[in-house]
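Working notes for the structure below.
The values are calculated or read from the model by the stated rules, or taken from the named source; none is laboratory data. Because the structure is predicted, anything quoted here is derived from the model rather than measured. Note: ideal-geometry Cβ built from the backbone for every residue, glycine included; neighbour counts use all protein chains shown. The protein model used for the area step is the full one, side chains on, heavy atoms only, and it has no ligands, DNA or RNA in it. Shrake-Rupley method; radii C 1.70, N 1.55, O 1.52, S 1.80 Å.
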Amino acid sequence: MKVITKVFVLLIAVGISMNVAAQQDQNIEKQIDGLIKKMTLEEKVGMLHANSSFTSAGVPRLGIPELVTSDGPHGVRAEHGRGWSQLKNVNDSGTYLPVGIALASTWNPELGVEFGKVLGSEAKFRGKSVILGPGINIMRTPLNGRNFEYQSEDPYLISKMVVGYIKGVQSQGVSACVKHYLANNQEIDRNYVDVRMSERALREIYLPGFKAAVVEGQVNSVMGSYNKFRGQYCTHNEYLVNKILKGEFGFQGILMSDWGAVHNRMEAIFNGTDLEMGTDLGPVGPNYGKFYMGDTVVTLVRTGKVPESVIDDKVRRILRVMFKSSVFTKESPGEYGSEAHIAVAKKVAEESIVLLKNDQNILPLNSGSVKSVAVIGANAVRKNSMGGGSSQVKAKYEITPLEGLKNIASDVTYNVAQGYEIKRGAVATPEMIQEAVEAAKKSDVAIIVGGFTHGYNYAVWSDNAFDAEDTDKPNMKLPFGQDELIKAVVKANPKTIVVLVTGGPVDMTAWVKDVKGVVSAWYGGMEGGNALAEVLFGKVNPSGKLTVTFPKVLEDSPAHKLGDYPGKDKVAVYNEDIFVGYRYFDTYKVEPQFAFGHGLSYTTFDYKNLKVEKAANGEVNAIFSVTNTGKVFGGEVAQVYVRKNKSQIKRADKELKGFEKVFLQPGESKTITLKLTPEAFQYFDEKQNGWATEKGDYTILVGGASNAIRLNGVVNL
Ligand code: BGC
């Protein structure tokens, strides 16, 4: 076929499929019209609030089933039945995927799709219509207990990762629910803190991920957060929900509340809350009719205080999501804890691990010459799947780091020491340190697996939870006396590697200069221990990159230096404005411990031949080549940042606007073309209340990390 004919055929095909989709949507709307006409007011109102912990009512008379939701972002949560306690003797142990920060650290949007498909398929198998993820709140402070569930400090990276995840989930006939809309950036005071930020910070930093989820990802549901925004609760915030989400972004799905996040009936009714979720444990048993969106709403409509059309719109959205989630058709049955699903969990874990430091190539370990390894630290043997709060999942199994090491290098002698005790306030005991030192001394290499912990369940997590819901970390330091432990071990054996199991940055200033190898392994899911061991022994070459800046000390981080955290008098003012993460560190020239985008490999990459070209459609192409100049196969995340030269307004030193992950054999090169759309050059102009582009020169910076720029070119706009 000639090129022109091919293009023509393609256009027709696209046109036909768009028509088919539009036709399907029309059919759905017609069916919804029919259902709404047949429903009584009581039946409609019954659909607007929970009727058990994770469900809302259907209308059996009309064949409308309940809407069944489940946490959470990295696996389908254990079965709760209709109450809050978990059920026993049910098949609810499935695939436990790596957590949000781990997925994002792969910088591989295709893995986002795979991850989403696994989750969607498992949710389907378990009879859920909505999976309560992804969580995409901006990592504003290292202390936020839920950073592990989230993706990044950077809105562009979040926008790229979130779309794949949503499409993956929704391809299985299950709805994703992006959360928590908006500015749920801390867990302390989350039930009432009132977040104040500039319009520019809102538009440039906090909204883009949600916009991408709605506009590109076509997410079917959004969860309103617990906190307030500019004085009004987010779940029924006129500006955020009606004006922006449903108005500007054209969101057609359900805005559901976080569990118990509705505080005002009239605001919920008129400001866009479609579904009030929460668990009623009531003294004499649950009474969901008394929810804000419960029985009183019937009276309000009957007495003319609320037009029925407002209720109909909410019902329509709920039904729409049911149709889109194939609640009515029950097509594919889904799959649960299958080998294929577990393989995805493993792949994500492998690509998520970030090699932070590797002096004198202490890693990878050579299984031929390393005969003995000291494995020190409570996280080496700890299982994490049931930790962290609502994102907990029952894993079919979970490989710990020690088990992973034994699986991959079974001939090695492992000298194991606990190192520290997981208990809030616990300090290093001389006995434990001594035991660790002796293990290190008699081993060729010492691996300390430390970091934070998740806490196991709601009842006890306050004792030992750091990366967990409903709590923030007290500071950024390693708890339980780990600094002293690491210092003592590295003194005993200079060949020491520290593996951090955390949901974000830690203060390493006490020991990082003395330790040759540092690895971030996050909470790597059920196969995390195997993936870690394969990276340590070089079977897998690490290719993860940081999605959040690791400051040296907490005081260096912008929310703490310039902004308010956790706020005063229940108000948190985000004075750091748009200078979140590397935008702050680079602009204010504060040296981080490890920069945004950083991550080492066992091979080396060379960047060459940057061409910056203006395309006819207003886009700018950055074209360059990456070559694997080392000896082993490896992956690199090539990153493109944009800087405005001589800007007339306050602007970040540079902003991420493109990236691509490439895998190359030794000696292999690839030419990468990254398209920078006009949005890549814009800022939000508060005076005009809209996006604007400054005229003049922009520098396009290309490299393997925000602080490892290898090429640059200029374009004039
Ligand atoms: C969390 C949500 C979660 C919900 C249901 C809330 O406490 O903030 O993320 O989806 O509970 O478990």
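Which one of these is more than 30 Å from Lys545 (Cα to Cα), away from the ligand (no atom under 16 Å from the Cβ) and open to solvent by 10 Å² or more (accessible area, probe 1.4 Å): Glu110, Glu43, Glu79?
Glu43
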Give me the pairs, please: first residue somewhere in the stretch 149-172 and touching a residue at least 12 places away in the same chain (Cβ under 8 Å), second residue anywhere and more than 16 Å from the ligand (Cβ to nearest atom) and hydroxyl-bearing (Ser, Thr, Tyr), beta-carbon distance under 6 Å, and either six or more positions apart or on two chains.
Ser152/Thr547; Leu157/Thr547; Ile158/Ser152; Gln172/Ser121
Only one of Gly599, Gly567, Gly618 is closer than 30 Å to Val518 by Cβ and either assigned by TED's automatic domain parsing to the domain that holds Ser105 or small (Gly, Ala, Ser) (or both). Can you tell me which?
Gly599
Checking Arg583 against (1) within 22 Å of the chain's Cα centre (by Cα); (2) assigned to a loop (DSSP other than H, G, I, E, B), only one condition comes out false. Which one?
(2)
For Val373, work out the one condition from (1) on the phi < 0 side of the Ramachandran plot; (2) open to solvent by 10 Å² or more (accessible area, probe 1.4 Å) it doesn't fulfil.
(2)
Give me the residue from the stretch 214-225 that is away from the ligand (no atom under 15 Å from the Cβ) and hydrophobic (A, V, I, L, M, F, W, C) and, out of that set, least open to solvent (accessible area, probe 1.4 Å).
Val214
Considering (1) among the hydrophobic types (A, V, I, L, M, F, W, C); (2) within 16 Å of the ligand (Cβ to nearest atom); (3) not in a loop (DSSP other than H, G, I, E, B), say which one Ala349 fails and leave the rest.
(2)
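Take Thr55 and tell me if it is touching a Ser or Thr at 6+ places or on another chain (Cβ under 9 Å), open to solvent by less than 30 Å² (accessible area, probe 1.4 Å) and away from the ligand (no atom under 13 Å from the Cβ).
Criteria not met by Thr55.
If you check Gly544 against the conditions, is it open to solvent by less than 20 Å² (accessible area, probe 1.4 Å), of a type outside the set (Phe, Trp, Tyr), modelled with pLDDT of 95 or more and in contact with a Phe, Trp or Tyr (Cβ under 7 Å, 6 or more places away or on another chain)?
no
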Hey, Leu143 hits all of (1) within 14 Å of the chain's Cα centre (by Cα); (2) buried (at least 24 other Cβ atoms within 10 Å of the Cβ); (3) aliphatic (A, V, I, L, M); (4) away from the ligand (no atom under 13 Å from the Cβ) but one; which does it fall short on?
(1)
If we keep just the residues of the stretch 472-489 that are touching a helix residue (DSSP H, G or I) at 6+ places or on another chain (Cβ under 8 Å) and open to solvent by 20 Å² or more (accessible area, probe 1.4 Å), which is farthest from Ser443 (Cα to Cα)?
Asn475
Out of the residues in the stretch 427-452 meeting the condition of being within 22 Å of Leu143 (Cα to Cα) and without any contact (Cβ under 8 Å) to a residue 60 or more places away in the chain, tell me which one is surrounded by the fewest Cβ atoms within 10 Å (Cβ to Cβ).
Val427
Could you identify the single residue in Arg382, Arg424 that is over 21 Å from the mean Cα position of the chain (by Cα), assigned to a loop (DSSP other than H, G, I, E, B) and surrounded by fewer than 17 Cβ atoms within 10 Å (Cβ to Cβ)?
Arg424
Please go through the stretch 264-305 and give me each residue that is out of contact with any helix residue (DSSP H, G or I) (no Cβ under 8 Å at 6 or more places or on another chain) and within 16 Å of the ligand (Cβ to nearest atom), ordered by number.
Met277, Gly278, Thr279, Leu281, Pro286, Tyr288, Phe291
Within the stretch 127-148, track down each residue that is more than 28 Å from Arg320 (Cα to Cα) and not basic (Lys, Arg).
Ile138, Met139, Thr141, Pro142, Leu143, Asn144, Gly145, Asn147, Phe148
Search result, residues across the stretch 123-140 that are closer than 30 Å to Gly58 by Cβ, within 16 Å of the ligand (Cβ to nearest atom) and buried (at least 24 other Cβ atoms within 10 Å of the Cβ):
Ala123, Lys128, Ser129, Val130, Ile131, Leu132, Gly133, Pro134, Gly135, Ile136
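Residues of the stretch 150-185 being within 16 Å of the ligand (Cβ to nearest atom), under 23 Å from Asp556 (Cα atoms) and either of a type outside the set (S, T, N, Q) or open to solvent by 10 Å² or more (accessible area, probe 1.4 Å) (or both), which ones?
Residues satisfying the conditions are Tyr150, Ala183.
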Select from the stretch 186-205 the residues that are in a helix (DSSP H, G or I) and open to solvent by less than 10 Å² (accessible area, probe 1.4 Å) and write down the one among them that is nearest to Ala680 (Cα to Cα).
Ile205
